[in-house]
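These notes are about the structure you will find just below.
The values are calculated or read from the model by the stated rules, or taken from the named source; none is laboratory data. Just so it is clear, the model here is predicted, and its values are computed rather than measured. Every residue, glycine as well, gets a Cβ built from its backbone with ideal geometry; the counts of neighbours run over all protein chains shown. These accessible areas exclude ligands, DNA and RNA; they are computed on the full protein's heavy atoms, side chains included. Shrake-Rupley method; radii C 1.70, N 1.55, O 1.52, S 1.80 Å.
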Amino acid sequence: MKIEDYIVDSNMQLSDAVAQMTKNAVKGLVVVENEKVVGVFTRRDLVNCSHVFGIRNVPIKAFINENFNYCLNKVDEKYKNSKHTLIPVLNEKKELIDIYFPKKTVYINKYHYPVVVMAGGLGTRLYPYTKVLPKPLVPVIDDKPMVEMIMDSFNNYGSNDFYLIVNHKKEMIKSYFEENDHNYNVHYGEEIEQLGTGGGLYYVKDQVKETFYLTNCDILTLEDYDEIYEYHKNAGNVITMIVSLKSVHVPYGVVHTDENQNLVGSTEKPTYMILVNTGVYIVEPDVFNYIGCEEKVDFPTVINRIKNDGKKVGIYPITEDKWLDMGQINELENSRQVLSSLIKEEK
């Protein structure tokens, strides 16, 4: 990766800066103004600016961290194993001469949050794989099924208890985990009939008594689960929805008018940044009070019930490259390529 991939001007549009992060798969940017470094912008800063995505002509300058850590002329020893995404190395004029990336620290597994996985769907978008296999067992890399890859990613952060909501071909799913050794516990909530992404949660209400992650069985997020968990707790949310920043290109000229239908201006083939629900959430057990016994309901409806009751629901944005949707044939192939590249980098 070239150092230029990490540098943006302070007047660059926020959406363009995020697009650069996504395109180059980088976790942070160094922001310059008149050749001097004025701040940094990392994935963590996305939380503070999600309300302006979709609005054009918003400069990144308003959302950068101006109180950033940096090294003067050379890398300081104290930053060698820090948790910072990147550390600019500057000269006396505050000009960038290098960027230091601290080595990734080992997971310290401090929370051990349980994980609930919605694994009872038909998986029609993955046909013909799902003609034989239930969707959670569709292989992704080295014959490892998607649900196991999701569970392994959480297990890296210390999660030891997984609760699978099962229905369609549930015996195959249960047999897979009974016949293969894992260093975590797998529990089941068995739907009598499919009750949707919200209704199925009722079957684990007596088992899950603490803050938990809820995820679809075909979604893998390549983010720091502990950071998201800490944000959720600090925000005091009942539910935190993990959302992805998605670039939407409009292949036409977009016209802008005032309330009297007078032309104000137009934008030729613009690209907008919108927020998309990834299907992954952090949830407080209070959610079970909003789901009835044997009720067929999707989780967004449950969220609205909680909001209407005056409880707090928030979001945590991640960039598009950190969201892998394995539930469609084309996206599954893309996920395989991404994960294969990551495995090679780790080796």
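Assorted remarks:
- Dipole-positive endmost among Ser266, Asn237, Val250 within the stretch 178-266 (Cβ charges, Cα centre): Ser266
- Bridging of Lys135 to lysines at a Cα separation below 18 Å is possible for Lys144, Lys169, Lys170, Lys174, once same-chain residues fewer than 8 apart are set aside.
- Per residue convex hull volume, Cα atoms of the stretch 65-153, in Å³: 197 Å³
- Estimated from the Cβ-Cβ distance and a Förster radius of 30 angstrom, the FRET efficiency linking Lys93 and Ala62 is about 0.75.
- Across every direction, the projection of the convex hull enclosing the Cα atoms of the stretch 262-347 has a mean area of 11.5 nm².
- The H on the amide N of Val38, modeled in the peptide plane, is under 5 Å from the matching H of Val31, Val32, Glu33, each at least 5 residues off or on a different chain.
- Couplings for the stretch 181-195, taken from phi via the Karplus curve 6.51 cos²θ - 1.76 cosθ + 1.60 with θ = phi - 60°, read 7, 9, 9, 8, 9, 10, 10, 9, x, 9, 6, 6, 9, 5, 10 Hz in order; Gly and Pro are left as x.
- Asp16 accessible area, 1.4 Å probe, all protein chains in place, Å² to nearest 10: 70 Å²
- Segment Asp143-Ala235, extension gain: residue separation times 0.36 nm, minus the distance between their alpha carbons: 29.2 nm
- Between the Cα long axis of helix 14-24 and the first principal axis of the chain there is an angle of about 70°, rounded to the nearest 10.
- Helix axis angle, 225-235 relative to the chain longest principal axis, alpha carbon, degrees: 80 degrees
- Rounded to 5, the percent of DSSP beta bridges in the chain classed as antiparallel: 60 percent
- Accessible surface for Asp181 stands near 150 Å², nearest 10, in the context of the full protein assembly shown (1.4 Å probe).
- Degrees separating the helix 170-179 axis from the principal Cα axis of the chain, which is the longest one: 80 degrees
- Rg/Rh for the stretch 150-272, where both radii come from Cα atoms and Rh is the Kirkwood radius: 1.17
- Non-local Lys pairs in the stretch 175-305, i.e. 8 or more apart or on different chains, that have alpha carbons under 27 Å apart: 6
- Taking every alpha-carbon pair under 8 Å whose residues sit at least 6 apart, the stretch 255-347 reaches a relative contact order of 12 percent.
- Nonlocal amide H pairs with Val140, under 5 Å, H built at 1.01 Å: Met146
- In summary, the chain shows an alpha-carbon radius of gyration equal to 1.09 times the 2.2 N^0.38 Å reference for compact globular proteins.
- GNM top mover of Asn262, Asn156, Asn277 - the chain, alpha-carbon springs below 10 Å: Asn262
- Springs between Cα atoms under 10 Å define the GNM used for the chain, and in it the highest mean-square fluctuation of Asn69, Asn34, Asn155 occurs at Asn34.
- Given +1 at the Cβ of Lys and Arg, -1 at the Cβ of Asp and Glu and no other charges, the dipole of the chain around its Cα centre is 420 debye to the nearest 20.
- Charging the Cβ of each Asp and Glu at -1 and of each Lys and Arg at +1, and nothing else, the dipole of the stretch 1-79 about its Cα centre rounds to 240 debye.
- The helix-only estimate of mean residue ellipticity at 222 nm for the chain, built from DSSP H runs of length n ≥ 4 each weighted as -39500 (n - 2.57), is -6500 deg cm²/dmol after division by the residue total.
- About the Cα centre, charge dipole magnitude for the stretch 74-201 (Lys/Arg +1, Asp/Glu -1 at Cβ), debye: 580 debye
- Accessible area of Glu268 in the full protein assembly, 1.4 Å probe (Å², nearest 10): 130 Å²
- The stretch between Asn260 and His182, if pulled fully straight at 0.36 nm per residue, gains 21.6 nm over its current Cα-Cα span.
- Note on Lys80 and Asn34: the extension gain reaches 13.7 nm, defined as 0.36 nm multiplied by sequence separation minus the Cα-Cα distance.
- Working from Cα pairs under 8 Å separated by at least six residues, relative contact order for the chain is 17 percent.
- Zone of Gln328's modelled label, taken as backbone nitrogen in the stretch 276-309 under 12 Å from a point 7 Å along Cα→Cβ: none
- Farthest positive-ward along the chain dipole, Cα basis, beta-carbon charges - from Phe41, Phe154, Val18: Phe41
- Backbone phi angles across the stretch 236-241, fed through the Karplus curve with coefficients 6.51, -1.76 and 1.60 (θ = phi - 60°), yield HN-Hα couplings of x, 7, 7, 9, 10, 8 Hz in residue order; Gly and Pro are listed as x.
- Aspartates and glutamates with Cα under 14 Å of Lys110, excluding same-chain neighbours fewer than 8 positions away: Asp224, Asp226, Glu227, Glu230
- Considering only Glu92, Glu259, Glu331, the mean-square fluctuation computed in a Gaussian network model of the chain, springs between alpha carbons under 10 angstrom, is largest for Glu259.
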